[in-house]
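Have a look at the structure below, then the notes.
The values are calculated or read from the model by the stated rules, or taken from the named source; none is laboratory data. Note that the structure is a prediction, hence the values are computed from the model and not measured. Backbone-built Cβ (ideal geometry, glycine too); neighbour counts: all protein chains shown. The accessibility values were calculated without ligands, DNA or RNA, using every heavy atom of the protein model including side chains. Shrake-Rupley method; radii C 1.70, N 1.55, O 1.52, S 1.80 Å.
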Amino acid sequence: MSDDAEADSVLGHPAVAPDATAAYGDHPDQTVDFYAPHGGEGPVPLVVVLHGGSWRQRYDRRHMSPFAAFLARRGFAVASVEYRRGGAAEGSAGRWPDTLDDVAAALDALPELVPSALPRADLRRTVLTGHSAGGHLALWAAARHVLPPEAPWHRSTPPFRGVVALSPLAHFGLARELGACEGAVDQFLAVPDAPAAAGASAVRAEWADPSALLPTGIATTVVQGRADTTVPPQIADAYADAAAKEGELVGVTLLDGVGHFAPVDPAADACAVVVAEIEQLAW
């Protein structure tokens, strides 16, 4: 199935209302939706979902709500994070530094927000997952302890059991070379009207590129469709190669006949593979 057909399927699912929503800041986009686990008793792993959409304003967490609800039906507690996207220019990708500020703030707020919203969630078994640009954010969030101390998002202790990144923008250099997501990485890193724009953009890349923030010491798996033309699978391979050069093993699961969106489509077989990968890390 083509990326366009897969996108139509994912975006065609009706949004699923969460069981609870909480704010982690004052901006309307600084919110987290919570989906309670179905069935069973006792503590369950927490899966944190970061939606994709090239960090662009027109894509929000609602298109990932069927995926979040699917995870909840499989017995996970789920937190789906919204964050500020876009920018002043129409269709621009990301908002620097707000996008990264929000993801860091949301994850840091979860220990306070989760107990009341998801009382069965076991924060000691937290797995991050995200799709496309959200896959980038998941990998980045798990690497905050690798950031230099002067970076505003530096965190000394990673609180996550693992990361399952889905078709992620995981290697900025190759993503820029291939023009992945319609040049979203270039837009995200751009420094408009700055005298030293090139140098500032390079610093941004050092602080935001997951392939530059290795090793993390956190179990990491990438699930990627071989037929993905939006974020080509070479990007996942390049990230895994960068990790290997730092002595870290990143699992890469390549799915035949699968494009960009099927891994987050509850109606697709690829989504079951994603759940299995999350289960391996969470339990």
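Look at segment 37-59 and say how many of its residues are over 18 Å from Arg85 (Cβ atoms) and open to solvent by 60 Å² or more (accessible area, probe 1.4 Å).
So in segment 37-59, the residues over 18 Å from Arg85 (Cβ atoms) come out as 37-47.
If we keep only those that are open to solvent by 60 Å² or more (accessible area, probe 1.4 Å) too, we end up with 38, 40-41, 43.
Result for segment 37-59: 4.
Give the residues of segment 223-257 that are of a type in the set (A, V, I, L, M, F, W, C) and in contact with a Gly (Cβ under 7 Å, 6 or more places away or on another chain), sorted by residue number. Can you show your working first?
Start the filter on segment 223-257 by keeping residues that are of a type in the set (A, V, I, L, M, F, W, C), which leaves 223, 227, 231, 235-236, 238, 240, 242-244, 249-250, 252, 254-255.
Of everything in segment 223-257, those that are of a type in the set (A, V, I, L, M, F, W, C) and in contact with a Gly (Cβ under 7 Å, 6 or more places away or on another chain) turn out to be Ala227, Leu255.
Of (1) within 16 Å of Ser92 (Cβ to Cβ); (2) outside any loop (DSSP other than H, G, I, E, B); (3) open to solvent by 50 Å² or more (accessible area, probe 1.4 Å), Pro192 satisfies all except one. Which? The one condition Pro192 does not meet is (2). Count of segment 105-128 residues, restricted to those that are more than 17 Å from Arg61 (Cβ to Cβ) and not in a strand (DSSP E or B), is 7. Residues in segment 223-256 that are under 19 Å from the mean Cα position of the chain (by Cα), hydrophobic (A, V, I, L, M, F, W, C), in a loop (DSSP other than H, G, I, E, B) and more than 23 Å from Glu279 (Cβ to Cβ): Val231 alone.
Among Val222, Val185, Val164, Val231, which is touching a Lys or Arg at 6+ places or on another chain (Cβ under 7 Å) and surrounded by 20 or more Cβ atoms within 10 Å (Cβ to Cβ)? First the steps, then the outcome.
Working: Val222 fails: touching a Lys or Arg at 6+ places or on another chain (Cβ under 7 Å); Val164 fails: touching a Lys or Arg at 6+ places or on another chain (Cβ under 7 Å); Val231 fails: touching a Lys or Arg at 6+ places or on another chain (Cβ under 7 Å).
Of Val222, Val185, Val164, Val231, the one residue that is touching a Lys or Arg at 6+ places or on another chain (Cβ under 7 Å) and surrounded by 20 or more Cβ atoms within 10 Å (Cβ to Cβ) is Val185.
Where residues in segment 1-36 are within 19 Å of the chain's Cα centre (by Cα) and assigned to a helix (DSSP H, G or I), which of them is surrounded by the fewest Cβ atoms within 10 Å (Cβ to Cβ)? Checked segment 1-36; the qualifying residue surrounded by the fewest Cβ atoms within 10 Å (Cβ to Cβ) is Leu11.
A single entry from Glu177, Glu182 fulfils the requirement of being in contact (Cβ under 8 Å) with a residue 24 or more places away in the chain and of a type in the set (Asp, Glu): Glu182.
Condition test on Ala238, is it out of contact with any strand residue (DSSP E or B) (no Cβ under 9 Å at 6 or more places or on another chain) and more than 26 Å from Arg61 (Cα to Cα)? The answer is yes for Ala238. Do we find a residue being among the aliphatic types (A, V, I, L, M) and open to solvent by 10 Å² or more (accessible area, probe 1.4 Å) anywhere in segment 80-89? Within segment 80-89, one or more residues are among the aliphatic types (A, V, I, L, M) and open to solvent by 10 Å² or more (accessible area, probe 1.4 Å).
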